[in-house]
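Visitor: This is the structure I have questions about; it appears just below.
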Amino acid sequence: MNIKQPSKTGFFGNYGGQYISDDLRTEFAKIYKCFLALRKDKNFNDELLSLFKNYSGRPTPVYYAKNLSKKYGNEIYLKREDLNHTGAHKLNHCLGEVLLAKKMGKKKVIAETGAGQHGVAIATACALLNVACDIYMGEIDINKAKPNVDRMKILGARVIPVKSGTRTLKEAVDEALLAYTKEYRTAFYAIGSVVGPHPFPMIVEYFQSIVGKEARQQFKEQTKALPDYVIACVGGGSNSIGIFDGFINNKEVKLIGVEPLGKGKKIGQNAASITFGKEGILHGFKSLVLQNKDGSVANAYSIASGLDYPSVGPKHSYLHQTKQASYETVSDEEALNAFYELSQAEGIIPALESAHAVAYALKLSKKVKGKKMLLNLSGRGDKDIEFVLKYYPH
């Protein structure tokens, strides 16, 4: 199987698929058909690439972090997705999804968000392309990422607080999916990562693959070589799949996904779905899922709201199974230390999600020297500053 594509039924090995109602299956078949046609359509791709260049500000640069590199004895490079318009990689697939929704004649986009980066990006794309927007967000995440909530509202989105369960990302997805099942004839569900029923993982990956394409070309231009390591944080997994795409066929490049260990290894203390999960079905797809002893979905936790999802994109589960990528963990404390260290060493404040990738690179640098490391700095830390200073002053 071509690693860049799932099977016709949406599986990467044993992971993926469609576990949804017959009505939704019919609708998703329409989405799939439209996407396949648009993926080959020059006008659609030209429009998308024009938005990437003239609206988002792509290509985002690859930056050599010379101060960290000198300190840790490795060449550390950052793919600066934090400089993308709206402050993260999320706008890449949001522009694509909203364009797809418009091509299908949909009048509204329904979405969920954790840290608010997907929410802001969807609200931005909907404002630009004149589509109504409902965004579901857990109450806890609303309090942690208030600046992003304010941005969504200014952009014209309707932000709907989710008060059930853990009041975080899983429940936001639950409520968004429920709303979509009632409105799918006129609305489009713009999922926020490479998760969900087929064809959403492949749709989001297609739009995020721009990160890997750019990074590969930029890195070779700067270093005349490929990186030894490509490192990115993993929640649902869109930013990591995006950058992995540029290097997946090069066996000499080690792909490392960094999961949130949170407060520890016990169920409920982390959101490391690959490290501690078991095969299961959640939100209409099969993947590795954090589960309690009775097989129910466990609560996920991370200091980074965008990572606290109890499952992971099916392609990541497949890459883990086939050992084409490895998956490591970083604790809250390690991520916070990296958050401050990158800020003070390079003048770049990362999102707490991205700080997990930085933390693992610094930890790895205590074991290996003289290597080239490319980190996907998936987002900037504006949304996290108030929260970090209030609860974790340095």
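Visitor: For segment 253-394, what size does the Cα cloud have along each of its three principal axes, sorted from largest down, in whole Å?
Guide: 44, 38, 23
Visitor: Might you report the magnitude of the Cβ-based charge dipole of the chain about its Cα centre, with Lys and Arg at +1 and Asp and Glu at -1, to the nearest 20 debye?
Guide: 820
Visitor: Counting just the Cα atoms, what span does segment 164-257 cover along each of its three principal axes? Round to the nearest Å and put the largest first.
Guide: The Cα atoms of segment 164-257 stretch 52, 29, 20 Å along their principal axes.
Visitor: In debye to the nearest 20, how big a dipole does segment 99-229 give about its Cα centre with +1 on each Lys and Arg Cβ and -1 on each Asp and Glu Cβ?
Guide: 400
Visitor: Per the chain: cysteines with no other Cys C-beta under 4.7 angstrom?
Guide: CYS34, CYS94, CYS233
Visitor: Taking only the C-alpha atoms, wrap a convex hull around segment 1-152 and report its volume per residue in Å³ as a whole number.
Guide: It comes to 189 Å³ per residue, whole-number rounded.
Visitor: OK, next. Relative to the longest principal axis of the chain, what angle (0 to 90°, nearest 10) does the C-alpha long axis of helix 22-39 take?
Guide: Helix 22-39 sits at roughly 60 degrees to that axis.
Visitor: I need the peptides 69-75, 17-23, 371-377 ranked by packing, meaning the mean over residues of other C-beta atoms within 10 angstrom, with the highest value on top.
Guide: Peptide ranking by packing, descending: 371-377, 69-75, 17-23.
Visitor: LYS367 label point, 7 Å along Cα→Cβ, cut-off 15 Å on backbone N: hits in segment 310-339?
Guide: 325-331
Visitor: Summing Lys, Arg as +1 and Asp, Glu as -1, what charge do residues with Cβ under 10 Å from the Cβ of ILE135 carry, ILE135 excluded?
Guide: 0
Visitor: Also: Just list whichever of LYS90/LYS224; LYS8/LYS182; LYS90/LYS146; LYS286/LYS315; LYS40/LYS90; LYS8/LYS102 have alpha carbons separated by over 20 Å in the model shown.
Guide: Check vs 20 Å cut-off fails for LYS90/LYS224; LYS8/LYS182; LYS40/LYS90; LYS8/LYS102.
Visitor: Angle between the Cα long axis of helix 352-364 and the longest principal axis of the chain, 0 to 90 degrees, nearest 10?
Guide: 40
Visitor: Have a look at segment 240-294 and give its Rg and Dmax from the Cα atoms, expressed in angstrom.
Guide: 14.0, 41
Visitor: Right, here's the next one. What Kirkwood hydrodynamic radius do you get for segment 98-199 when you take the inverse of the mean 1/r over all pairs of distinct Cα atoms, in Å?
Guide: 13.2
Visitor: What is the ratio of the Cα radius of gyration of segment 73-115 to 2.2 N^0.38 Å, where N is its residue count, to two decimals?
Guide: Relative to the rule-of-thumb radius for its length, segment 73-115 sits at 1.66.
Visitor: If we count every other residue with Cβ under 11 angstrom of LEU307's Cβ, Lys/Arg +1 and Asp/Glu -1, where does the sum land?
Guide: After counting each charged neighbour, the total is -4.
Visitor: Here's something else I'd like to know. Mind pulling the angle between the C-alpha long axis of helix 90-103 and the longest principal axis of the chain? Nearest 10 degrees, somewhere in 0 to 90.
Guide: Taking Cα atoms only, the helix is inclined about 20 degrees.
Visitor: Hey, what does the equivalent ellipsoid look like for the chain, semi-axes from the Cα gyration tensor as sqrt of 5 times each eigenvalue, largest first, whole Å?
Guide: Output for the chain: semi-axes of 29, 23, 22 Å.
Values quoted throughout were computed directly from the atomic coordinates according to the rules given, and no laboratory measurement underlies them. This one's a predicted model, so the numbers in the text were calculated from it and none came from an experiment. So basically every Cβ, Gly included, is an ideal-geometry build from the backbone, and we count neighbours across all protein chains shown.
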